[in-house]
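The values are calculated or read from the model by the stated rules, or taken from the named source; none is laboratory data. Computed from a predicted structure; not experimentally measured. As a convention, Cβ positions derive from the backbone with ideal geometry for all residues, glycine included, and neighbour counts pool all protein chains shown. Surface accessibility is based on the protein's heavy atoms, side chains included, excluding ligands, DNA and RNA. Shrake-Rupley method; radii C 1.70, N 1.55, O 1.52, S 1.80 Å.
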Amino acid sequence: MKFVRYCLLLVLSLGFVSCVDEDEFADSPNGNFEALWRIIDEHYCFFDYKASQYGLDWNEVHQRYARQVEASMSETQLFEVLGNMLSELRDGHVNMYSSWDVARNWSWHEDFPDNYSDNIIDNYLGTDYRIAAGLRYRILDDNIGYIRCSTFANEFGAGNLDDVLLYLAPCRALIVDVRNNGGGQLTAAEQLAARFTNEERLVGYMQHKAGRGHNDFSKMEEQRLKPSKGVRWQKRVAVLTNRSVYSAANEFVKYMKQCPHVVVVGDQTGGGAGLPFSSELPNGWGVRFSACPMYDINKQPTEFGIQPDIHIEIDQDDLLRGYDTIIETARRQI
């Protein structure tokens, strides 16, 4: 397989694609290790933030893991060592792909309560709910609308969102449940959030990597949410969150916190505030990592999540009775 010397290509859906020079990094355990460490060192975007949060030292990580790499090790052993090294970043957007496995760090949600149950959601949706563009929705018995948005994998059709909001228009308030939404396309998150503002709003900032140094970034650029030209919601809204809200869904929550009449209810989101870029090692394994940081309106990273306005977790007694504590709290609030 041929490689080119650190080519950088901005792709809207994937970000930068970075390739390593095959002459500099040989297809050997040590060559792949050094290539991976260098790619992250030159392009990852949260080194300073994570150094301040938990003491990450990428040079120390290199020294520690380099001692574990041996010329005679198998591909499986190398994959484990490299995967463990990447886990030091504590980033759900950091992955390594082989033909047999994906190295990942899911501690952003695995170490926390679920605060969500499909079975309980079925109690609220029933069997006669409507479906449009992947959204499940209905009117609850207290005349509050409920939308279950489980993914932003695909953009929503403007006509679909018009029909959903027109159907729910008689409701006195609305719940948008994005719990367990692992993200997808930022444009889809923007499409939905744009239905909840009547004016353009500053919702955050973003930067681009401008060099190979840890602090080589462009100036902060404003992220602005423009109102949709379609049907827009004018009443109160509760957005439901848990630790499995990540990436584009995390951005959706960030946008919604700047919209009027919105309250965020549930647990802290999982984060994922770096636009993922991709690269490849000399042996062909793919690598994905955060390289374009995004911030809230106070220019603070949301990489480790966004706090709700009302923090509440599912009560186990409610769970046994078939009630969702987070939904019920939202209903009382709106």
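Filtered by the rule that a residue be over 24 Å from residue 199 (Cβ atoms) and outside any loop (DSSP other than H, G, I, E, B), segment 224-276 gives 240, 241, 246, 265, 266, 271, 274, 275, 276. You will find that of 224, 195, 201, the residue that is within 22 Å of the chain's Cα centre (by Cα) and either under 20 Å from residue 334 (Cα atoms) or open to solvent by less than 50 Å² (accessible area, probe 1.4 Å) (or both) is 195 and no other.
Each row is one residue, and each column tells you yes or no for (1) in contact with a Gly (Cβ under 8 Å, 6 or more places away or on another chain); (2) open to solvent by 50 Å² or more (accessible area, probe 1.4 Å).
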{"site": "99", "(1), (2)": "no, yes"}
{"site": "106", "(1), (2)": "yes, yes"}
{"site": "124", "(1), (2)": "no, no"}
{"site": "158", "(1), (2)": "yes, yes"}
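When segment 208-220 is filtered for residues that are of a type in the set (D, E, K, R) and open to solvent by less than 80 Å² (accessible area, probe 1.4 Å), the ones remaining, listed by number, are 209, 216. Of all residues in segment 119-164, those satisfying the criterion of being closer than 21 Å to residue 253 by Cα and without any contact (Cβ under 8 Å) to a residue 24 or more places away in the chain are 134, 136. Looking across segment 192-225, just one residue is of a type in the set (Ser, Thr, Tyr) and without any contact (Cβ under 8 Å) to a residue 40 or more places away in the chain, and that is 218. Scanning segment 227-244 for residues that are under 15 Å from residue 261 (Cβ atoms) and open to solvent by 60 Å² or more (accessible area, probe 1.4 Å) yields 232, 234, 235, 236. For the residues 67, 90, the requirement of being among the charged types (D, E, K, R), exposed (fewer than 13 other Cβ atoms within 10 Å of the Cβ) and either closer than 13 Å to residue 281 by Cβ or modelled with pLDDT of 95 or more (or both) singles out 67. For residue 320, the conditions (1) open to solvent by 10 Å² or more (accessible area, probe 1.4 Å); (2) farther than 30 Å from residue 101 by Cβ; (3) outside any strand (DSSP E or B); (4) in contact with a strand residue (DSSP E or B) (Cβ under 7 Å, 6 or more places away or on another chain) are fulfilled apart from (4). Considering only residues of segment 279-308 that are open to solvent by 30 Å² or more (accessible area, probe 1.4 Å) and assigned to a strand (DSSP E or B), which is farthest from residue 103 (Cα to Cα)? That would be 301. So, in segment 172-210, of the ones that are among the β-branched types (Val, Ile, Thr) and not in a loop (DSSP other than H, G, I, E, B), which residue ends up nearest to residue 254 (Cα to Cα)? So, considering only residues that are among the β-branched types (Val, Ile, Thr) and not in a loop (DSSP other than H, G, I, E, B), the one nearest to residue 254 (Cα to Cα) is 203. If the condition is being in contact with a helix residue (DSSP H, G or I) (Cβ under 6 Å, 6 or more places away or on another chain) and not polar (S, T, N, Q), then segment 297-334 contributes 301, 306, 312, 314, 315, 318, 322, 324. For residue 276, only one of the following conditions fails: (1) open to solvent by 30 Å² or more (accessible area, probe 1.4 Å); (2) at pLDDT below 95; (3) not basic (Lys, Arg). What is its number? Result: residue 276 passes all but (1). None of 121, 40, 131 is of a type in the set (A, V, I, L, M) and part of a strand (DSSP E or B) except 131.
Within segment 225-256, the residues that satisfy the criterion of being in contact with a strand residue (DSSP E or B) (Cβ under 6 Å, 6 or more places away or on another chain) and among the charged types (D, E, K, R) are 235, 236, 254.
Return a yes/no flag: does segment 13-21 have any residue that is modelled with pLDDT of 95 or more and not small (Gly, Ala, Ser). No: segment 13-21 contains no residue that is modelled with pLDDT of 95 or more and not small (Gly, Ala, Ser). If the condition is being within 15 Å of residue 251 (Cβ to Cβ) and hydroxyl-bearing (Ser, Thr, Tyr), then segment 278-334 contributes 290, 295, 302.
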